[in-house]
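Visitor: Input: one structure, supplied below.
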Amino acid sequence: MVEYLNNLNPPQREGVVNTEGPCMLIAGAGSGKTRVLTYRIAHLIHSQQVDPFNIMALTFTNKAAKEMRDRIERVVGADARNLWMGTFHSVFARILRAEAHHLGYPNNFTIYDTDDAKSLIKSIVKEMGLDETQYKANVVYNRISSAKNRLIGWQEYLANPMITGDDAGNMRPEIGNIYKNYALRCFKSGAMDFDDLLFNTDKLFKAHLDVLNKYQHRIHYVLVDEFQDTNLCQYYIIRKLAAVRQNVCVVGDDAQSIYAFRGADISNILNFEKDYPDLRIIKLEQNYRSTKTIVEAANSVIAKNKAQLPKNIWTANEQGNPIELIKAVSDNEEGKLVASSIFEEKMQQQARFSDFVILYRTNSQSRAIEEALRRVNIKYKVVGGLSFYQRKEIKDLLAYLRFSINQQDEASFRRIINLPKRGIGDSTVDKIIVAANDHAISIWEVIQNITHFIGGRAAGPIEDFVALIKRFALDIQTKDAYEAAADIAKSSGLLRELYEDKTVEGLSRYENVQELLNAIKEFVDDPERTDKGLAAFLQEVSLITGQDEDKDNDPDKVTLMTIHMAKGLEFKHVYIVGMEEDLFPSQLMLSSRAELEEERRLFYVAITRAQMKVFLSYALTRYRFGRLKNCEPSRFLDDIDSSFIKVSTKFRGSEPAAPHPDFARSFVSGMRKTLASQPVAKPSAYKPSANFKPSDTSGLQEGMKVEHPKFGFGTVLKMDNSGADRKAHIRFDDFGEKTLLLSFAKLKIH
């Protein structure tokens, strides 16, 4: 037996040695898929005597490719360097470097990164005389990228009435023409963006069968890692390359397909067998990472999904601790309980802080967690993003708040004077600073008398800015911190600019600003505070964020990250926070079964990051959009078999009691029933909007947002058109679900 096969279990060995024909390795979490894929390639070279130049291995990250190449090199030697191994983009760029002339590109074509591409789009929008706020480069770029990943060129884009209709409905009817101009400009410049590296490879193979035939006979074996994350374009290229010999091996786990928002298509792995009737399916079902409790709890969750490949993940590891459920009154208390739990677990288990990870659905959730960790001096690092108060959008709003209080603050002035854009360039700002220095006066005095110092077009916008800041400064004297901050966020235009950016990144930035406003509202609502002014809040933030300047290299820190960032990683102790309806699952992912099942796969990924112990936490109340809202426990808590859950009591001053076997499930399910009768925070009387006027409800439909003069804002869940009177079942944000007769109800449709 070859040495590298000795430590493989039977399914792993089968995946390594059966190298001929189509093969799909369904690799459960922690099942050693990277080892199998690596040894399969090594086996092709070492035992099958396949030339590495004839093997293509595709990954999604350069890190994964390097790790695999290094492992293979340890088995077969330097020959491993001759593999066609790398990310989809790097490998296909290599092909295009040799063949781009067939498409009219130079072989030394330029590759535009994301910033280059967005800069070109911005120029095109300006040249076309379009509104730059309506056609933001980020939004347009993402729309074009999505089209290319679905193999839709600009010609097909403009010819498709459904696509152009969507753009028109989103008030951006010119995106198709921007796409056309962008594609033509790239071609003229001899440049391709990242998506073109895939799109043009597919185009090359379609239009030039002789080129395709050359690579089909050069590449004898195609192997793909993380196959569940491939998009349509990637799959089509793979299928073309492997069409002659059919030696295609894909490795993945449908239960970990969580990147639909990036274009990943789960149907690629679910329907792979349809394209390859002779497919050999090998299931890697033994989990080497986690305890029995974690594996079986994760299985009970993913079993609720309908769209999946059948498998039975198991482990020979110890039973392990039950999953611990932490209930908090508020999101701030959730942070405190999680921080306390980490500290206690570290002491009891003699663990390191680096053994712990806190996972959340959205970046904005990190704020309460970070503040709680700081208060008990637990060091942490935020992976894949900045600490909450270091994010650009947070710094932007804080700069507005600071300058509204202190008009001598030059750093804040520089940050906000042209934010959102008001036609004030860097040279104008420099002139203002020079004038202040030359005349030994403040920048505020200069801009209050701008026409005495600077002429030209910038004077008008600066005068408008001064008037805005003066109003903010007056409001701060009479309003509490939240009222003042909310008005500044809105009137400055910052909130509107972020709200109009409907990309994933734009949505995250908007949520972050809302979370800052939530923090301010929480500050104001604290009955123990006597000073509820904006200056007092900013002073507290300055004290809290002092640790952000800490540049120590101590690796022993708790890790904070979104669940999406955690894929492929593992930690001994995993905390999954914010287990509430509309947060996880996200309210944006509830319009179809496919979206809900992707959210459940995301929860499965979160649980399976853990080696030893999982903690789940949720809050009964959470500030959302500046209002204290009652929260329901996530439906995903019901998905976990109750035998695997223990409700934590240790941080409430009492010793944990052995729960009844059905206690956890009845506790979670019962919470939904009791929230209405035992609200944590009783909703105050609702005051309708100043411009409230009942709408014509004859066209009212499911999903619409409405406002009621007594119950406030809500969402239409269901329409009942039977009987004499039409009824609407509406879930109001603060008053729960109500059934209203439309002939009597006064509703404003938003």
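Visitor: Go through the stretch 625-636 and give me each residue that's in contact with a strand residue (DSSP E or B) (Cβ under 8 Å, 6 or more places away or on another chain) and either open to solvent by 20 Å² or more (accessible area, probe 1.4 Å) or more than 14 Å from ALA328 (Cβ to Cβ) (or both).
Guide: LEU628, LYS629, ASN630, GLU632
Visitor: Quick check on my filter: what residues within the stretch 132-159 are at pLDDT below 90 and of a type in the set (Asp, Glu)?
Guide: Within the stretch 132-159, just GLU132 meets the criteria.
Visitor: Moving on. How about the stretch 483-498: which of its residues are farther than 19 Å from SER412 by Cα and open to solvent by less than 40 Å² (accessible area, probe 1.4 Å)?
Guide: LEU498
Visitor: If ASN107 satisfies every condition in (1) surrounded by 13 or more Cβ atoms within 10 Å (Cβ to Cβ); (2) assigned to a loop (DSSP other than H, G, I, E, B) but one, which is the exception?
Guide: Tallying (1) surrounded by 13 or more Cβ atoms within 10 Å (Cβ to Cβ); (2) assigned to a loop (DSSP other than H, G, I, E, B), ASN107 fails exactly one: (1).
Visitor: Then there's this: Since THR34 meets every condition but one in (1) more than 16 Å from MET85 (Cα to Cα); (2) modelled with pLDDT under 90; (3) surrounded by fewer than 19 Cβ atoms within 10 Å (Cβ to Cβ), which condition does it not meet?
Guide: Here THR34 clears every test but (1).
Visitor: Something else now. Quick check on the stretch 70-87. Is at least one of its residues assigned to a helix (DSSP H, G or I), closer than 18 Å to TYR288 by Cβ and touching a Ser or Thr at 6+ places or on another chain (Cβ under 9 Å)?
Guide: Yes: one or more hits.
Visitor: Starting from the stretch 86-111, keep only residues that are free of Cβ contacts under 8 Å to residues at least 12 places away in the same chain, then list their pairs with residues that are surrounded by 17 or more Cβ atoms within 10 Å (Cβ to Cβ) whose Cβ atoms are within a distance under 6 Å, requiring at least 6 positions of separation or different chains.
Guide: ASN107/ALA100
Visitor: Picking from SER666, SER743, SER677, which residue would you name as being at pLDDT 50 or above and surrounded by fewer than 15 Cβ atoms within 10 Å (Cβ to Cβ)?
Guide: SER743
Visitor: Count, please, the residues in the stretch 499-532 that happen to be closer than 29 Å to ASN142 by Cα and open to solvent by 50 Å² or more (accessible area, probe 1.4 Å).
Guide: Within the stretch 499-532, residues that are closer than 29 Å to ASN142 by Cα and open to solvent by 50 Å² or more (accessible area, probe 1.4 Å) number 8.
Residue by residue, here is whether (1) farther than 15 Å from TYR235 by Cα; (2) among the charged types (D, E, K, R); (3) open to solvent by less than 10 Å² (accessible area, probe 1.4 Å); (4) within 30 Å of the chain's Cα centre (by Cα) holds:
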| position | (1), (2), (3), (4) |
| --- | --- |
| TYR179 | yes, no, yes, yes |
| LEU184 | yes, no, no, no |
| ALA191 | yes, no, yes, yes |
| THR201 | no, no, yes, yes |
| ASP210 | yes, yes, no, no |
| ASN213 | yes, no, no, no |
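Visitor: Sort out which residues of the stretch 52-69 are in a helix (DSSP H, G or I) and open to solvent by 20 Å² or more (accessible area, probe 1.4 Å), and write them in order of number.
Guide: Within the stretch 52-69, PHE53, ASN54, ASN62, LYS63, ALA64, LYS66, GLU67, ARG69 qualify.
Visitor: Now, a different point. Here is a list: ARG143, ARG218, ARG172, ARG245. Which entry is in contact with a His (Cβ under 9 Å, 6 or more places away or on another chain) and of a type outside the set (A, V, I, L, M, F, W, C)?
Guide: That would be ARG245, the only listed residue that is in contact with a His (Cβ under 9 Å, 6 or more places away or on another chain) and of a type outside the set (A, V, I, L, M, F, W, C).
Visitor: Separate question: Any chance the stretch 120-143 includes a residue that's under 22 Å from LYS203 (Cα atoms), surrounded by 13 or more Cβ atoms within 10 Å (Cβ to Cβ) and out of contact with any helix residue (DSSP H, G or I) (no Cβ under 7 Å at 6 or more places or on another chain)?
Guide: Yes, there is a match, as at least one residue in the stretch 120-143 is under 22 Å from LYS203 (Cα atoms), surrounded by 13 or more Cβ atoms within 10 Å (Cβ to Cβ) and out of contact with any helix residue (DSSP H, G or I) (no Cβ under 7 Å at 6 or more places or on another chain).
Visitor: Next question. How many residues are outside any helix (DSSP H, G or I) and of a type in the set (A, V, I, L, M, F, W, C) when one looks only at the stretch 15-51?
Guide: Counting residues in the stretch 15-51 that are outside any helix (DSSP H, G or I) and of a type in the set (A, V, I, L, M, F, W, C) gives 7.
Visitor: Filter the stretch 577-592 for residues that are on the phi < 0 side of the Ramachandran plot, in a loop (DSSP other than H, G, I, E, B) and open to solvent by less than 10 Å² (accessible area, probe 1.4 Å) and give the result.
Guide: If the condition is that a residue be on the phi < 0 side of the Ramachandran plot, in a loop (DSSP other than H, G, I, E, B) and open to solvent by less than 10 Å² (accessible area, probe 1.4 Å), then VAL577, MET579, PHE584, PRO585 are the ones that fit.
Visitor: Additional query: Assess whether ALA168 counts as being at pLDDT 90 or above, surrounded by fewer than 19 Cβ atoms within 10 Å (Cβ to Cβ) and among the aliphatic types (A, V, I, L, M).
Guide: Answer is yes for this residue.
Visitor: Name every residue in the stretch 215-224 that is open to solvent by less than 10 Å² (accessible area, probe 1.4 Å) and either under 14 Å from PRO22 (Cβ atoms) or assigned to a loop (DSSP other than H, G, I, E, B) (or both), in order of residue number.
Guide: Across the stretch 215-224, the qualifying residues are ILE219, VAL222, LEU223, VAL224.
Visitor: Also, quick follow-up: Check LYS336 against each of (1) in contact (Cβ under 8 Å) with a residue 40 or more places away in the chain; (2) crowded, with 19+ Cβ neighbours inside 10 Å and name the one condition it does not meet.
Guide: Among (1) in contact (Cβ under 8 Å) with a residue 40 or more places away in the chain; (2) crowded, with 19+ Cβ neighbours inside 10 Å, the lone unmet condition for LYS336 is (1).
Visitor: Output the number of residues of the stretch 308-318 satisfying the condition of being touching a strand residue (DSSP E or B) at 6+ places or on another chain (Cβ under 9 Å), surrounded by fewer than 17 Cβ atoms within 10 Å (Cβ to Cβ) and not aliphatic (A, V, I, L, M).
Guide: Going through the stretch 308-318 one residue at a time, the tally reaches 3.
Visitor: What pairs can you find where one residue is in the stretch 124-148 and closer than 21 Å to LYS188 by Cα, the other is open to solvent by less than 60 Å² (accessible area, probe 1.4 Å) and of a type in the set (Lys, Arg), and their Cβ atoms are less than 8 Å apart, with a gap of 6+ or different chains?
Guide: Filtered contacts from the stretch 124-148: ALA137/LYS118; VAL140/ARG172; TYR141/LYS118.
Visitor: Inspect all residues belonging to the stretch 255-265 and state whether any of them is aromatic (Phe, Trp, Tyr), out of contact with any Cys (no Cβ under 8 Å at 6 or more places or on another chain) and farther than 21 Å from GLU14 by Cα.
Guide: Yes; the residues of the stretch 255-265 include at least one that is aromatic (Phe, Trp, Tyr), out of contact with any Cys (no Cβ under 8 Å at 6 or more places or on another chain) and farther than 21 Å from GLU14 by Cα.
Visitor: For the structure I just gave you, tell me whether ALA535 is farther than 30 Å from ALA137 by Cα, surrounded by 22 or more Cβ atoms within 10 Å (Cβ to Cβ) and modelled with pLDDT under 90.
Guide: In short, no.
The values are calculated or read from the model by the stated rules, or taken from the named source; none is laboratory data. Quick caveat, the model's predicted, so the values are computed rather than measured. As a convention, Cβ positions derive from the backbone with ideal geometry for all residues, glycine included, and neighbour counts pool all protein chains shown. Protein only, heavy atoms only, side chains kept; ligands, DNA and RNA dropped before computing areas. Shrake-Rupley method; radii C 1.70, N 1.55, O 1.52, S 1.80 Å.
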